[in-house]
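Asks: Sending over a structure as structure tokens; questions will come in a sec.
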Amino acid sequence: MKSEVIIDAMNCIDEKYKVEALRNLQNLSASPCDEKEIYQVHRKAKKISRTALIAAVLATLLVGSAFAVWSIHSARQQELREDMRIDEKDVNSYVEFDLSDEAKETGVTLLSTVNDGETQRVFVNVSPVEKEELDRLETVSFAWRLDGMTVNGEDYWMTATPKMRADTTAVGHDAVRDAILRDAYDESTKTLTLQCFIHKEEIAQAQAFENGESVHLTVTLWDHHAQADAGVGSSDEWLRSQKSFGSVWFTPTENETRYFDFNRSIYHDEELDKEIEIIGLELTPFSAVWKVHYEGDASFHTPEADWDSYKDWAALEDKVCIESKIIFSNGTEFSTGGALTAPYKNGVVEQHCDWGGAINIDDVQRIVLDDLVLWENK
């Protein structure tokens, strides 16, 4: 490198980095000096050669860059633990990952994973992500895939979402962007925190492909406009042709589930004049599966279902999920919220619910729906 190029680069470096470099070099000598003396050394060049100063500054910048990566990694892990109430609710299915030397050289770093029963929630940092790209969320997204993950023999990708706080409610482009900038983006390092929801069947596929427990996750930016302009119809083909942030290996965490048997309790809804059998509840710190049965449920959970005939039963299904109360030892109550999916399996309707902040499944004392006690700790 030519000397004038180095000098030009030195002139662009913030003075604080030069001071830090001089401090590092001063630490090698036997006679300490204060900050004023450090500046005097820099200006008069009496105690240190220009070449040594340049080397020290460059080394300090490199260390600073590595520290920034470590710092945002550590900060995000702490934020995740607090937001998801990991320590407060004694969650055992949550695992954090150290920042490896290899990870420092890639654009994706693995923060943590948690098993919520049906899915593995995987949290990663990706960089660089330009702030302007977050203004184009209608046409830009972030895609992930596991090696060996297929549908009908074809590889496919899923969408990762920026990790906003669990209590965030944002509607509209500007509100969503502002929440992402507040919760998930670090402008100084151009780092975005993403969450990938990976279904247990996708995990099983990938493990079979790898012939082991660990799976290989790749994350990339997905510019939908660019794909359309290029005339590439296959998303898999397009995403494989793009430069990804990188990939990481991880081993899925173990499931943490508690099952509550309701002895096939019968709930009668007076307004609808219908009865529903509430069989049991599978509960994890972050999800629930309510198991219910009622007359004609199998026929209602098909693509050909008659909605007019089903709507009262759908309302009753919702009531079980939303209005049932899980009561803890301190008297607080929790509702699992409405079901995201409700497949019919093995003679029952399984209503799948999830949420962002953990609950302590070992502290459940009672589960009730109106005056009906479904389960009680005795």
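Asks: Starting from the alpha-carbon convex hull of the range 184-229, give the projected area averaged over all orientations, in nm².
Replies: Average of the hull's projected areas for the range 184-229 equals 5.3 nm².
Asks: Just to confirm my numbers, what's the Cα centroid distance between the range 129-192 and the range 276-324 in Å?
Replies: Centre-to-centre distance over Cα atoms comes out at 31 Å.
Asks: Under the rule of at least 5 residues apart or a separate chain, name every residue whose amide H is placed under 5 Å from the amide H of residue 116.
Replies: It is 121, by chain and number.
Asks: Moving on to the next point. Show me, bin by bin at 5 Å from 0, the whole-percent P(r) of the range 149-305 based on Cα pairs.
Replies: 1, 6, 10, 11, 13, 14, 14, 12, 8, 5, 3, 1
Asks: I'm a student and want to see the number: the projected area of the Cα convex hull of the range 216-278, averaged over all directions, in nm².
Replies: Value for the range 216-278: 10.0 nm².
Asks: If you don't mind, another one. Quote to one decimal, in nm, the extra length available between residue 130 and residue 373 on full extension: 0.36 nm per residue of separation minus the C-alpha distance between them.
Replies: 82.2 nm
Asks: Would you kindly derive the ³J(HN,Hα) couplings of the range 322-337 from the backbone phi angles with the Karplus curve 6.51 cos²θ - 1.76 cosθ + 1.60 (θ = phi - 60°), listing them in order in whole Hz, with x for Gly and Pro?
Replies: 7, 9, 5, 10, 9, 10, 9, 5, 8, x, 6, 10, 9, 10, 6, x
Asks: Could you go through the range 124-140 in sequence order and give the Karplus-derived ³J(HN,Hα) for each residue, using 6.51 cos²θ - 1.76 cosθ + 1.60 with θ = phi - 60°, rounded to whole Hz, and x for Gly and Pro?
Replies: 9, 9, 10, 7, x, 10, 6, 4, 5, 5, 6, 7, 10, 5, 6, 10, 10
Asks: With 10 Å bins from zero, work out the P(r) of the range 147-226 over every alpha carbon pair and list the percent per bin.
Replies: 15, 36, 29, 19, 1
Asks: What is the ratio of the Cα radius of gyration of the range 113-188 to 2.2 N^0.38 Å, where N is its residue count, to two decimals?
Replies: Ratio of Rg to 2.2 N^0.38 Å for the range 113-188: 1.27.
Asks: Moving on. How many nm separate the modelled label positions at residue 175 and residue 325, each set 7 Å beyond the Cα in the direction of the Cβ?
Replies: Label-label distance for residue 175 and residue 325, simple model: 2.9 nm.
Any read-out appearing in this document is the output of simple, stated calculations on the displayed coordinates, not a laboratory observation. Source: prediction; values computed, not measured. Here the Cβ is made from the backbone with ideal geometry for all residues, glycine too, and neighbour counts use every protein chain on show.
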